[in-house]
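The structure under discussion appears below in the form of C-alpha cells.
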Amino acid sequence: QVQLAESGGGLVQAGGSLRLSCAASGSGFSVNGMGWYRQAPGKQRELVAFMHSGGSTNYADSMKGRCTISMDNAKNTVYLQMNSLKHEEKAGYYCNGYMVDARYRDNVARSYWGQGTQVTVSS
C-alpha cells in the first residue's frame with residue numbers, strides 16, 4: 001500500500017522559512033502528482049502547492065512568490081520550500097499524492113494523504 005510520510009514541520013518566527021519533505025513508499029506504484037495542503041483549526045483544508053508528474057505546478061495565490069515546490073522522482077519525494085511565513089499560516093500541512101497502484105490493475109490514479117506535519121509561526 002502506498003504511504004506518505006511528511007517531515008520538516010516545526011516552529012518558525014514570522015518572516016522565517018521552512019522546508020517540508022514528503023516521501024512516498026510502497027511497491028508497485030507510479031506517481032501522477034504530489035503536493036501540499038494545509039488546514040488551520042476551524043478552517044477547510046486548502047491547497048498550498050501541487051506538482052504534476054509532467055512538471056507543471058499549481059500554487060495558492062497567497063503563496064505565489066513565497067514558496068517553491070519540487071520533486072525528486074527517483075526518491076518519490078516532494079519538497080515545499082516556504083519563505084516569509086506569516087503567523088496566520090500556522091496549520092497542519094498535509095502531503096497529498098495521486099498514485100497509480102498496480103495492485104488494483106486498473107490504471108486509475110487514487111488520492112493518498114499523509115498524517116500531516118505541524119507548522120507553527122510565531123508572531
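The values are calculated or read from the model by the stated rules, or taken from the named source; none is laboratory data. Here the structure is a predicted model, which means the values were calculated and not measured. Neighbour counts run over all protein chains shown; Cβ positions are idealised from the backbone, glycine included. Calculation scope for accessible area: heavy atoms of the full protein, side chains included, ligands and nucleic acids excluded. Shrake-Rupley method; radii C 1.70, N 1.55, O 1.52, S 1.80 Å.
Residues of region 67-90 being open to solvent by 50 Å² or more (accessible area, probe 1.4 Å), assigned to a loop (DSSP other than H, G, I, E, B) and closer than 21 Å to P41 by Cβ, which ones?
First, pick out the residues of region 67-90 that are open to solvent by 50 Å² or more (accessible area, probe 1.4 Å): 68, 73-75, 81, 83-84, 86-88, 90.
Retained after the next criterion (residues that are assigned to a loop (DSSP other than H, G, I, E, B)): 83-84, 86, 90.
K86, K90, listed by residue number.
Go through region 101-117 and give me each residue that's assigned to a loop (DSSP other than H, G, I, E, B) and either free of Cβ contacts under 8 Å to residues at least 40 places away in the same chain or of a type in the set (F, W, Y) (or both).
Within region 101-117, the subset assigned to a loop (DSSP other than H, G, I, E, B) is 105-108, 114-116.
If the condition is that a residue be assigned to a loop (DSSP other than H, G, I, E, B) and either free of Cβ contacts under 8 Å to residues at least 40 places away in the same chain or of a type in the set (F, W, Y) (or both), then R105, D106, N107, V108 are the ones that fit.
Taking region 35-53 only, how many residues are assigned to a loop (DSSP other than H, G, I, E, B) and open to solvent by less than 80 Å² (accessible area, probe 1.4 Å)? Full working, then the answer.
Filtering region 35-53 for residues assigned to a loop (DSSP other than H, G, I, E, B) gives 40-45, 53.
After this cut, where a residue has to be open to solvent by less than 80 Å² (accessible area, probe 1.4 Å) as well, the list is 40, 53.
Qualifying residue count for the region: 2.
Which one of these does R45 not meet: (1) under 21 Å from A102 (Cα atoms); (2) touching a residue at least 40 places away in the same chain (Cβ under 8 Å); (3) touching a strand residue (DSSP E or B) at 6+ places or on another chain (Cβ under 7 Å); (4) not small (G, A, S)?
That leaves (1) as the condition not met.
How many residues are crowded, with 17+ Cβ neighbours inside 10 Å, within 20 Å of M71 (Cα to Cα), of a type outside the set (A, V, I, L, M, F, W, C) and under 18 Å from the mean Cα position of the chain (by Cα) when one looks only at region 91-118?
9
Can you find a residue in region 10-21 that is β-branched (V, I, T) and in contact (Cβ under 8 Å) with a residue 60 or more places away in the chain?
Yes; the residues of region 10-21 include at least one that is β-branched (V, I, T) and in contact (Cβ under 8 Å) with a residue 60 or more places away in the chain.
So is V121 of a type in the set (A, V, I, L, M, F, W, C), surrounded by fewer than 21 Cβ atoms within 10 Å (Cβ to Cβ) and under 17 Å from L4 (Cα atoms) or not? Don't jump to the end; show me each part of the working.
Details: of a type in the set (A, V, I, L, M, F, W, C): yes; surrounded by fewer than 21 Cβ atoms within 10 Å (Cβ to Cβ): yes; under 17 Å from L4 (Cα atoms): no.
No, not satisfied.
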